[in-house]
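Let me begin by presenting the structure, written as C-alpha cells, before commenting on it.
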Amino acid sequence: MGKFPEADAEIINTWVCRRCKSRNKRGVEKCRKCGSKYLRPKNKEIKAKKA
C-alpha cells in the first residue's frame, strides 16, 4: 500500500463506476452520477506504466 495509512483506509471505502468513472461510497446500490449499477472496488495497487 502507500505511505499514509489514513489514505489507504479511505481508498478501501471507495467504489468506482465502470460507466462514468465517478467515485462512490462503499455499500451503495448505484452510481451517484449516472445511476448505473456497475460498480467496482477502487484499485489498491498503483500500476506502473509499460515502456
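The residue pairs whose first member lies in segment 17-35 and is without any contact (Cβ under 8 Å) to a residue 12 or more places away in the chain, whose second member is in a loop (DSSP other than H, G, I, E, B) and loosely packed, with under 13 Cβ neighbours inside 10 Å, and whose beta carbons are closer than 6 Å, counting only pairs six or more residues apart or on different chains, are Lys30/Lys37. You will find that of Lys33, Lys25, the residue that is surrounded by fewer than 13 Cβ atoms within 10 Å (Cβ to Cβ) and charged (D, E, K, R) is Lys25 and no other. Can Ala9 be described as without any contact (Cβ under 8 Å) to a residue 12 or more places away in the chain, exposed (fewer than 10 other Cβ atoms within 10 Å of the Cβ) and of a type in the set (A, V, I, L, M)? Considered against the rule, which asks whether it is without any contact (Cβ under 8 Å) to a residue 12 or more places away in the chain, exposed (fewer than 10 other Cβ atoms within 10 Å of the Cβ) and of a type in the set (A, V, I, L, M), Ala9 comes out as no. Based on this model, can you work out whether Lys42 counts as of a type outside the set (A, V, I, L, M), surrounded by 11 or more Cβ atoms within 10 Å (Cβ to Cβ) and touching a helix residue (DSSP H, G or I) at 6+ places or on another chain (Cβ under 7 Å)? In short, yes.
Here, each number is a calculation from the coordinates, and none is a lab measurement. This one's a predicted model, so the numbers in the text were calculated from it and none came from an experiment. Backbone-built Cβ (ideal geometry, glycine too); neighbour counts: all protein chains shown.
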